[in-house]
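S.K.: Before we start, here is the structure in question, set down as structure tokens.
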Amino acid sequence: MQPISTALIIGAGGGLGTALCKQWQQDDNVDSVIAISSRAIDHDNKNELSGIKYITCDYSETAIAETCEQIKTMTDSITRVCICNGILHSENVWPEKRIEDVNLNALQEVFSVNSFIPLLWLKALFPLIKGDADCIIAVFSARVGSIGDNRSGGWYSYRASKAALNMLLKTAAIELARRASNVKLIAFQPGTTDTPLSKPFQAAVKAGNLFTTEFVAQRLVDIMNNQKLDGELSFIDWENKTIAW
Ligand SMILES: NC(=O)c1ccc[n+]([C@@H]2O[C@H](COP(=O)([O-])OP(=O)(O)OC[C@H]3O[C@@H](n4cnc5c(N)ncnc54)[C@H](OP(=O)(O)O)[C@@H]3O)[C@@H](O)[C@H]2O)c1
């Protein structure tokens, strides 16, 4: 495997983002780890996350562009990117059980975080990732964003925002194949993982089906290390199995 010059984690303050930071920070094959989060993270921490370069960003379009300018001064080669941003619930949002639960503000909030913010990152990162070095980008999607796999309904905004994310990524993959063939895009389904996002719904998960963040981060890092630059968007799960669109 080629050495990884810089691994970039966006949304690094969440459960899966934190686990990816740890995974790459402890990997001798990785030169540097840059972590972006909206949360104020202790920059002087002396724990297992020390050595990671943190940048705080509020994910506005301007802040994303400014953050990429800052990243440009920190590295000249990014070879891994994970975009972890995603919400299922928030102060204002709860997954809809039935059509009467749908409301415009919640739809807009969920689409903004789950579909639009990842695309804005891809746009701002484009000049930094285009080049000679292989760059593998994983964006966290979800199996419930599969239209073909939707058998139980519900969760209108979350499902639709992840389906929209997949379409945005597919469109980007077509353009990247033409303009930055060193980049490979993955829409990744982690499986149900023990994080704040899944917490309220974990009671319904069968024993053995709730993963630790460490397990999923390890799986994703392995999968990313074994990708080919095929110009396609792969929609895959933690077992590296393809998911129907
Ligand atoms: N956990 C699961 O079972 C599961 C299953 C399928 C898919 N996923 C996907 O995996 C990804 C990571 O989720 P997680 O399980 O690690 O959940 P989490 O611990 O709740 O992390 C939430 C993530 O979303 C970001 N975020 C939260 N609110 C945001 C906002 N208003 N604007 C922009 N970004 C915001 C956080 O970034 P900051 O660092 O800035 O806080 C963090 O990266 C998500 O895309 C989720 O949809 C998770």
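Values in this text are rule-based calculations from the coordinates and carry no lab data. Worth saying up front: this structure is predicted, and the values here are computed from it rather than measured. Don't worry about glycine lacking a Cβ; one is built from the backbone with ideal geometry, like all the others, and counts go over all protein chains shown.
S.K.: What fraction of the DSSP beta bridges in the chain is antiparallel, stated in percent and rounded to the nearest 5?
M.R.: 5 percent
S.K.: Past the 27 Å Cα-Cα mark, which pairs from Lys72/Lys184; Lys97/Lys184; Lys22/Lys170; Lys123/Lys206; Lys53/Lys199?
M.R.: The pairs that break the limit, which is 27 Å between Cα atoms, are Lys97/Lys184; Lys22/Lys170; Lys123/Lys206; Lys53/Lys199.
S.K.: Taking the beta-carbon count within 10 Å as an exposure proxy, list Lys228, Lys162, Lys206 from fewest neighbours to most. Working shown, then result.
M.R.: On the way: Lys228 10, Lys162 26, Lys206 7.
Ascending Cβ contact count within 10 Å gives the list Lys206, Lys228, Lys162.
S.K.: By count of other Cβ within 10 Å, fewest leading, how are Ser38, Ser161 ordered?
M.R.: Fewest to most other Cβ atoms nearby, the residues stand as Ser38, Ser161.
S.K.: Just from its helices, what would the mean residue ellipticity at 222 nm be for the chain, if runs of 4 or more DSSP H residues each count -39500 (n - 2.57) and the sum is divided by every residue, rounded to the nearest 500 deg cm²/dmol?
M.R.: Helix contribution divided over all residues of the chain: -11000 deg cm²/dmol.
S.K.: Expressed as an acute angle from 0 to 90° and rounded to the nearest 10, what is the orientation of the C-alpha long axis of helix 156-179 relative to the principal long axis of the chain?
M.R.: Helix 156-179 and the main axis of the chain meet at about 30 degrees.
S.K.: Normalising by the residue count of the chain, find the relative contact order in percent from Cα pairs under 8 Å and 6+ residues apart.
M.R.: After rounding, I find 20 percent.
S.K.: What is the projected area of the convex hull of the Cα atoms of the range 4-237, averaged over all directions, in nm²?
M.R.: Taking the Cα atoms of the range 4-237, their convex hull projects to 12.9 nm² on average.
S.K.: Further, regarding this structure: Hey, fewest Cβ within 10 Å first, where do Glu239, Glu109, Glu61, Glu232 land in order?
M.R.: Numbers: Glu239 9, Glu109 18, Glu61 12, Glu232 15.
Going from sparsest to densest Cβ surroundings: Glu239, Glu61, Glu232, Glu109.
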